[in-house]
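The structure under discussion appears below in the form of structure tokens.
The values are calculated or read from the model by the stated rules, or taken from the named source; none is laboratory data. In this text, all values refer to a predicted model and were calculated from it rather than measured experimentally. Neighbour counts are summed over all protein chains in view; Cβ atoms, including those assigned to glycine, are modelled from backbone coordinates with ideal geometry. In case anyone asks, the SASA skips ligands and DNA or RNA and just uses the protein heavy atoms, side chains included. Shrake-Rupley method; radii C 1.70, N 1.55, O 1.52, S 1.80 Å.
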Amino acid sequence: MERTITLKIAGVDFHVKASSPDVESSMRTAAEEINRMMDRYDQKYPDKSLTDKLLFVTITQTVYRLQTQGKYTALANEGSKLESELSSYLEGIKSDR
């Protein structure tokens, strides 16, 4: 059930489509986080333009996403390795019988 919602980011209204209630919730949470970050950058860099502050938010969030993605990949690889080791171990027990 797609619906159009309004998000206010840095004082500007954006009309976006949310494809589900979960997506809508995520969009609203993201907008809140962006606004919190913008408030911090407003206090820290009052003379910077809105565009500069939005770029700071973008860089910060992208670095965080890339770091998280790297950690997820490492965990997935470790999980695959452990699964393979467990399968080998269980096959060894099975063949010893």
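Under a 1.4 Å probe, what is the accessible area of region 27-97 per residue, stated in Å²?
84 Å²
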Accessible carbon and sulfur surface of region 6-45 relative to its total accessible area, %, 1.4 Å: 53 percent
Rounded to the nearest 20 debye, dipole of the chain from Cβ charges on Lys, Arg, Asp, Glu: 160 debye
Hull volume in cubic angstrom per residue (convex hull over the Cα atoms of the chain): 129 Å³
Dipole axis of the chain (+1 Lys, Arg; -1 Asp, Glu on Cβ), positive-most option in G11, I59, P46: P46
Eligible lysines near K44 by straight Cα distance, threshold 23 Å, same-chain separation 8 or greater: K8, K53
Sorted peptide list for 7-19, 62-74, 29-41, criterion being average Cβ within 10 angstrom, highest first: 29-41, 7-19, 62-74
